[in-house]
1. I want to confirm something. Restricting to region 57-91 and keeping residues that are surrounded by fewer than 24 Cβ atoms within 10 Å (Cβ to Cβ) and among the small types (Gly, Ala, Ser), which single residue is farthest from Met41 (Cα to Cα)?
2. Just need a number here: residues in region 255-301 that are without any contact (Cβ under 8 Å) to a residue 40 or more places away in the chain and not in a helix (DSSP H, G or I).
3. Only one of Thr36, Thr25 is under 26 Å from Thr93 (Cα atoms) and either crowded, with 20+ Cβ neighbours inside 10 Å or assigned by TED's automatic domain parsing to the domain that holds Leu163 (or both). Can you tell me which?
4. Output the residue which, of all residues in region 152-190 that are in the same structural domain as Ala136 (by TED's automatic domain parsing) and under 11 Å from the mean Cα position of the chain (by Cα), is modelled with the lowest pLDDT.
5. Every residue in region 94-122 that is surrounded by 17 or more Cβ atoms within 10 Å (Cβ to Cβ), within 11 Å of Leu64 (Cβ to Cβ) and not small (Gly, Ala, Ser), please.
6. Quickly run through region 244-261 and pick out the residues that are at pLDDT below 95 and either of a type outside the set (Ser, Thr, Tyr) or under 29 Å from Arg218 (Cβ atoms) (or both).
7. Where the second residue is assigned to a helix (DSSP H, G or I) and among the basic types (Lys, Arg) and the first is in the same structural domain as Ala257 (by TED's automatic domain parsing) and lies in region 210-228, which pairs have Cβ atoms under 8 Å and are six or more apart or on separate chains?
Amino acid sequence: MPSSTSSPTARGLDKLSWRDFLELTKPRVVALMILTSVIGMLLATPGLPSWSVLLFGNLGIALLAGAAAVVNHVVDQKIDTVMARTRKRPVATGRIAPLDALLFATSLALAGMLVLVWQVNLLTAWLTLASLVGYAGVYTLFLKRATPQNIVIGGLAGAMPPLLGWTSVTGQVDGHALLLVLIIFAWTPPHFWALAIHRKEEYAQAGIPMLPVTHGNRYTELHILLYTLMLLAVSLLPFVTGMSGTLYLVGALALGARFLHYAVRLWRGDDRRVALATFKYSISYLMVLFVVLLVDHYARY
(Lines give C-alpha, C1' and ligand atoms only; values in the text may rest on other atoms or scores of the structure.)
Protein backbone atom coordinates (compact mmCIF):
# COMPACT_ATOMS: atom_id res chain seq x y z
CA MET A 1 0.00 0.00 0.00
CA PRO A 2 1.59 3.35 -1.00
CA SER A 3 2.45 5.84 1.68
CA SER A 4 0.40 9.02 1.85
CA THR A 5 3.56 11.08 2.27
CA SER A 6 6.29 11.35 -0.32
CA SER A 7 9.98 10.96 0.42
CA PRO A 8 12.32 13.98 0.65
CA THR A 9 13.83 12.98 -2.67
CA ALA A 10 10.46 12.81 -4.34
CA ARG A 11 9.46 16.17 -2.91
CA GLY A 12 12.71 17.65 -4.22
CA LEU A 13 12.04 16.23 -7.68
CA ASP A 14 8.51 17.62 -7.64
CA LYS A 15 9.88 21.09 -7.03
CA LEU A 16 12.69 20.78 -9.56
CA SER A 17 12.29 22.83 -12.72
CA TRP A 18 14.21 23.78 -15.82
CA ARG A 19 14.85 27.16 -14.17
CA ASP A 20 17.07 25.47 -11.59
CA PHE A 21 19.26 24.01 -14.33
CA LEU A 22 19.29 27.34 -16.15
CA GLU A 23 20.42 29.06 -12.95
CA LEU A 24 23.31 26.61 -12.69
CA THR A 25 24.71 27.95 -15.97
CA LYS A 26 24.88 31.55 -14.66
CA PRO A 27 23.04 32.94 -17.71
CA ARG A 28 23.84 36.59 -16.99
CA VAL A 29 27.57 35.89 -16.83
CA VAL A 30 27.37 33.78 -19.99
CA ALA A 31 25.40 36.53 -21.74
CA LEU A 32 28.20 39.04 -21.05
CA MET A 33 30.75 36.53 -22.32
CA ILE A 34 28.75 35.98 -25.50
CA LEU A 35 28.50 39.73 -26.03
CA THR A 36 32.30 39.98 -26.05
CA SER A 37 32.52 36.85 -28.20
CA VAL A 38 30.16 38.35 -30.80
CA ILE A 39 32.17 41.54 -30.84
CA GLY A 40 35.35 39.52 -31.35
CA MET A 41 33.69 37.84 -34.34
CA LEU A 42 32.53 41.13 -35.83
CA LEU A 43 35.91 42.81 -35.34
CA ALA A 44 37.71 39.92 -37.03
CA THR A 45 36.42 40.85 -40.48
CA PRO A 46 35.62 44.11 -42.35
CA GLY A 47 32.19 42.77 -43.24
CA LEU A 48 29.88 40.40 -41.42
CA PRO A 49 30.80 36.84 -40.44
CA SER A 50 28.69 34.05 -41.86
CA TRP A 51 25.47 33.27 -40.03
CA SER A 52 26.72 29.76 -39.27
CA VAL A 53 29.79 31.07 -37.43
CA LEU A 54 27.69 33.56 -35.47
CA LEU A 55 25.15 30.91 -34.54
CA PHE A 56 27.25 27.82 -33.93
CA GLY A 57 30.34 29.62 -32.65
CA ASN A 58 28.42 31.40 -29.91
CA LEU A 59 26.29 28.35 -29.18
CA GLY A 60 29.37 26.20 -28.60
CA ILE A 61 31.09 28.86 -26.50
CA ALA A 62 27.92 29.39 -24.44
CA LEU A 63 27.48 25.66 -23.80
CA LEU A 64 31.06 25.28 -22.55
CA ALA A 65 30.84 28.46 -20.48
CA GLY A 66 27.63 27.14 -18.95
CA ALA A 67 29.33 23.84 -18.16
CA ALA A 68 32.11 25.67 -16.33
CA ALA A 69 29.52 27.61 -14.34
CA VAL A 70 27.77 24.40 -13.30
CA VAL A 71 31.04 22.93 -12.05
CA ASN A 72 31.57 26.14 -10.08
CA HIS A 73 28.22 25.58 -8.33
CA VAL A 74 29.24 22.06 -7.33
CA VAL A 75 32.74 22.93 -6.11
CA ASP A 76 31.49 25.98 -4.19
CA GLN A 77 28.49 24.23 -2.65
CA LYS A 78 29.64 24.67 0.96
CA ILE A 79 30.84 28.22 0.36
CA ASP A 80 27.54 29.16 -1.27
CA THR A 81 25.57 28.10 1.80
CA VAL A 82 27.48 30.68 3.87
CA MET A 83 27.21 33.70 1.58
CA ALA A 84 23.91 35.60 1.42
CA ARG A 85 23.99 36.20 -2.33
CA THR A 86 24.59 32.52 -3.15
CA ARG A 87 22.85 30.51 -0.44
CA LYS A 88 19.71 30.02 -2.55
CA ARG A 89 21.55 28.44 -5.49
CA PRO A 90 20.15 25.07 -6.61
CA VAL A 91 23.08 22.91 -5.46
CA ALA A 92 23.56 24.86 -2.22
CA THR A 93 19.91 24.34 -1.25
CA GLY A 94 19.88 20.71 -2.36
CA ARG A 95 17.32 21.21 -5.11
CA ILE A 96 19.85 19.64 -7.48
CA ALA A 97 22.23 16.92 -6.34
CA PRO A 98 25.95 17.48 -7.07
CA LEU A 99 26.13 14.32 -9.20
CA ASP A 100 23.15 15.44 -11.29
CA ALA A 101 24.78 18.84 -11.73
CA LEU A 102 28.06 17.26 -12.86
CA LEU A 103 26.21 15.06 -15.36
CA PHE A 104 24.50 18.19 -16.65
CA ALA A 105 27.86 19.98 -16.94
CA THR A 106 29.34 17.02 -18.81
CA SER A 107 26.43 17.01 -21.25
CA LEU A 108 26.82 20.74 -21.87
CA ALA A 109 30.57 20.42 -22.38
CA LEU A 110 30.27 17.51 -24.80
CA ALA A 111 27.55 19.28 -26.76
CA GLY A 112 29.62 22.48 -26.90
CA MET A 113 32.72 20.66 -28.12
CA LEU A 114 30.69 18.78 -30.73
CA VAL A 115 29.22 22.01 -32.07
CA LEU A 116 32.59 23.78 -32.23
CA VAL A 117 34.47 20.87 -33.81
CA TRP A 118 31.70 20.08 -36.28
CA GLN A 119 30.58 23.56 -37.29
CA VAL A 120 33.42 25.97 -36.41
CA ASN A 121 37.07 24.85 -36.12
CA LEU A 122 39.39 22.82 -33.92
CA LEU A 123 41.38 25.82 -32.67
CA THR A 124 38.29 27.47 -31.22
CA ALA A 125 37.11 24.18 -29.73
CA TRP A 126 40.38 23.52 -27.90
CA LEU A 127 40.80 27.12 -26.76
CA THR A 128 37.26 27.12 -25.37
CA LEU A 129 37.86 23.83 -23.59
CA ALA A 130 41.08 25.25 -22.14
CA SER A 131 39.07 28.21 -20.81
CA LEU A 132 36.61 25.81 -19.17
CA VAL A 133 39.44 23.89 -17.51
CA GLY A 134 41.11 27.14 -16.46
CA TYR A 135 37.98 28.50 -14.80
CA ALA A 136 36.36 25.36 -13.39
CA GLY A 137 39.60 23.56 -12.57
CA VAL A 138 42.52 25.89 -11.98
CA TYR A 139 40.60 28.88 -10.60
CA THR A 140 37.60 27.35 -8.81
CA LEU A 141 39.30 24.26 -7.42
CA PHE A 142 42.67 25.76 -6.53
CA LEU A 143 43.36 29.48 -6.94
CA LYS A 144 40.15 30.75 -5.36
CA ARG A 145 41.11 29.19 -2.04
CA ALA A 146 44.88 29.43 -2.32
CA THR A 147 45.84 33.09 -2.84
CA PRO A 148 44.44 36.64 -2.62
CA GLN A 149 45.72 37.05 -6.18
CA ASN A 150 43.13 34.48 -7.32
CA ILE A 151 41.23 37.00 -9.44
CA VAL A 152 44.37 38.31 -11.13
CA ILE A 153 45.72 34.89 -12.10
CA GLY A 154 42.38 33.25 -12.80
CA GLY A 155 41.06 36.23 -14.76
CA LEU A 156 42.68 34.98 -17.95
CA ALA A 157 40.04 32.26 -18.39
CA GLY A 158 37.24 34.82 -18.20
CA ALA A 159 39.04 37.12 -20.63
CA MET A 160 39.07 34.59 -23.47
CA PRO A 161 35.66 35.06 -25.20
CA PRO A 162 36.75 37.84 -27.64
CA LEU A 163 39.65 35.65 -28.77
CA LEU A 164 37.31 32.69 -29.13
CA GLY A 165 34.97 34.77 -31.26
CA TRP A 166 37.90 35.96 -33.38
CA THR A 167 39.29 32.47 -33.96
CA SER A 168 35.79 31.24 -34.83
CA VAL A 169 35.90 33.54 -37.86
CA THR A 170 39.57 33.43 -38.85
CA GLY A 171 40.80 30.09 -37.53
CA GLN A 172 43.94 31.74 -36.15
CA VAL A 173 45.14 33.82 -33.20
CA ASP A 174 45.66 37.50 -34.04
CA GLY A 175 47.44 40.24 -32.10
CA HIS A 176 44.38 42.48 -32.13
CA ALA A 177 42.30 39.69 -30.62
CA LEU A 178 44.87 39.40 -27.84
CA LEU A 179 44.41 43.12 -27.14
CA LEU A 180 40.75 42.43 -26.43
CA VAL A 181 41.78 39.67 -24.03
CA LEU A 182 44.23 42.06 -22.35
CA ILE A 183 41.48 44.66 -21.80
CA ILE A 184 39.25 42.16 -19.99
CA PHE A 185 42.25 40.76 -18.08
CA ALA A 186 43.07 44.26 -16.76
CA TRP A 187 39.38 44.96 -16.06
CA THR A 188 38.80 41.84 -13.95
CA PRO A 189 40.68 42.77 -10.71
CA PRO A 190 39.06 46.19 -10.09
CA HIS A 191 35.69 44.71 -11.06
CA PHE A 192 35.81 41.81 -8.59
CA TRP A 193 37.76 43.55 -5.83
CA ALA A 194 35.10 46.25 -5.65
CA LEU A 195 32.50 43.54 -5.06
CA ALA A 196 34.83 41.83 -2.59
CA ILE A 197 34.99 45.01 -0.48
CA HIS A 198 31.20 45.16 -0.40
CA ARG A 199 30.97 41.46 0.52
CA LYS A 200 34.08 41.32 2.69
CA GLU A 201 32.43 39.77 5.76
CA GLU A 202 30.82 37.02 3.69
CA TYR A 203 34.10 36.10 2.00
CA ALA A 204 35.83 36.03 5.40
CA GLN A 205 33.12 33.80 6.85
CA ALA A 206 33.40 31.47 3.85
CA GLY A 207 37.19 31.29 4.24
CA ILE A 208 37.93 32.74 0.79
CA PRO A 209 41.21 34.76 0.84
CA MET A 210 39.97 37.70 -1.21
CA LEU A 211 42.27 40.71 -1.08
CA PRO A 212 40.14 42.82 1.33
CA VAL A 213 40.02 39.87 3.73
CA THR A 214 43.76 39.19 3.74
CA HIS A 215 45.15 42.72 3.32
CA GLY A 216 42.34 45.09 4.31
CA ASN A 217 40.19 47.59 2.45
CA ARG A 218 42.79 50.33 2.15
CA TYR A 219 45.31 48.07 0.44
CA THR A 220 42.61 46.74 -1.89
CA GLU A 221 41.35 50.21 -2.76
CA LEU A 222 44.87 51.28 -3.72
CA HIS A 223 45.17 48.27 -6.00
CA ILE A 224 41.77 48.98 -7.53
CA LEU A 225 43.03 52.47 -8.33
CA LEU A 226 46.30 51.17 -9.80
CA TYR A 227 44.58 48.53 -11.90
CA THR A 228 42.05 51.10 -13.13
CA LEU A 229 44.93 53.28 -14.31
CA MET A 230 46.44 50.25 -16.03
CA LEU A 231 43.06 49.45 -17.59
CA LEU A 232 42.78 52.99 -18.92
CA ALA A 233 46.21 52.67 -20.55
CA VAL A 234 45.46 49.20 -21.96
CA SER A 235 42.10 50.35 -23.34
CA LEU A 236 43.94 52.87 -25.54
CA LEU A 237 46.04 50.19 -27.27
CA PRO A 238 43.47 49.46 -30.00
CA PHE A 239 43.83 53.09 -31.09
CA VAL A 240 47.61 53.11 -30.71
CA THR A 241 47.99 49.98 -32.85
CA GLY A 242 45.64 51.22 -35.56
CA MET A 243 42.91 48.71 -34.75
CA SER A 244 40.45 51.54 -34.05
CA GLY A 245 40.00 55.23 -34.76
CA THR A 246 39.16 58.52 -33.09
CA LEU A 247 35.61 57.56 -32.18
CA TYR A 248 36.86 54.69 -30.05
CA LEU A 249 39.61 56.85 -28.54
CA VAL A 250 37.10 59.42 -27.32
CA GLY A 251 34.80 56.73 -25.95
CA ALA A 252 37.61 54.85 -24.19
CA LEU A 253 38.91 58.03 -22.56
CA ALA A 254 35.43 59.07 -21.38
CA LEU A 255 34.55 55.64 -20.02
CA GLY A 256 37.98 55.20 -18.43
CA ALA A 257 37.82 58.63 -16.79
CA ARG A 258 34.50 57.70 -15.22
CA PHE A 259 35.90 54.40 -13.95
CA LEU A 260 38.90 56.27 -12.54
CA HIS A 261 36.53 58.69 -10.82
CA TYR A 262 34.87 55.80 -9.00
CA ALA A 263 38.24 54.29 -8.07
CA VAL A 264 39.48 57.60 -6.61
CA ARG A 265 36.25 58.07 -4.65
CA LEU A 266 36.61 54.58 -3.24
CA TRP A 267 40.25 55.12 -2.30
CA ARG A 268 39.46 58.41 -0.58
CA GLY A 269 36.27 57.36 1.19
CA ASP A 270 36.44 53.61 1.95
CA ASP A 271 32.66 53.38 1.52
CA ARG A 272 30.95 50.02 0.85
CA ARG A 273 28.23 51.82 -1.10
CA VAL A 274 30.86 53.35 -3.38
CA ALA A 275 32.42 49.90 -3.75
CA LEU A 276 29.09 48.49 -4.91
CA ALA A 277 28.58 51.44 -7.26
CA THR A 278 32.07 50.85 -8.67
CA PHE A 279 31.28 47.19 -9.24
CA LYS A 280 28.02 48.01 -11.03
CA TYR A 281 29.68 50.66 -13.20
CA SER A 282 32.46 48.26 -14.16
CA ILE A 283 29.89 45.99 -15.83
CA SER A 284 28.44 48.88 -17.86
CA TYR A 285 31.97 50.07 -18.65
CA LEU A 286 33.01 46.82 -20.31
CA MET A 287 29.81 46.44 -22.33
CA VAL A 288 29.80 50.03 -23.57
CA LEU A 289 33.55 50.02 -24.31
CA PHE A 290 33.20 46.99 -26.59
CA VAL A 291 30.11 48.42 -28.27
CA VAL A 292 31.97 51.67 -28.99
CA LEU A 293 34.86 49.64 -30.40
CA LEU A 294 32.40 47.85 -32.66
CA VAL A 295 30.71 51.06 -33.83
CA ASP A 296 34.12 52.57 -34.58
CA HIS A 297 35.05 49.42 -36.54
CA TYR A 298 32.11 49.67 -38.91
CA ALA A 299 32.30 53.45 -39.15
CA ARG A 300 35.77 53.05 -40.66
CA TYR A 301 34.69 50.62 -43.40
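The values are calculated or read from the model by the stated rules, or taken from the named source; none is laboratory data. These numbers come from a predicted model, not from an experiment. Note that each Cβ is placed from the backbone with ideal geometry, even for glycine, and that neighbours are counted across all protein chains shown.
1. The residue in question is Ala84.
2. Matching residues across region 255-301 total 1.
3. Working: Thr36 fails: under 26 Å from Thr93 (Cα atoms).
Unique residue meeting the criteria: Thr25.
4. Ranking the qualifying residues of region 152-190, first place goes to Gly154.
5. Once the filter is applied, which keeps residues that are surrounded by 17 or more Cβ atoms within 10 Å (Cβ to Cβ), within 11 Å of Leu64 (Cβ to Cβ) and not small (Gly, Ala, Ser), region 94-122 yields Leu108, Met113, Val115, Leu116.
6. Within region 244-261, just Gly245 meets the criteria.
7. Filtered contacts from region 210-228: Met210/Lys200; Pro212/Lys200; Val213/Lys200; Asn217/Lys200.
This table checks each residue for (1) modelled with pLDDT under 95; (2) in a helix (DSSP H, G or I); (3) surrounded by fewer than 19 Cβ atoms within 10 Å (Cβ to Cβ).
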position: Ile208; (1), (2), (3): yes, no, no
position: Thr220; (1), (2), (3): yes, yes, no
position: Tyr227; (1), (2), (3): no, yes, no
position: Gly242; (1), (2), (3): yes, no, yes
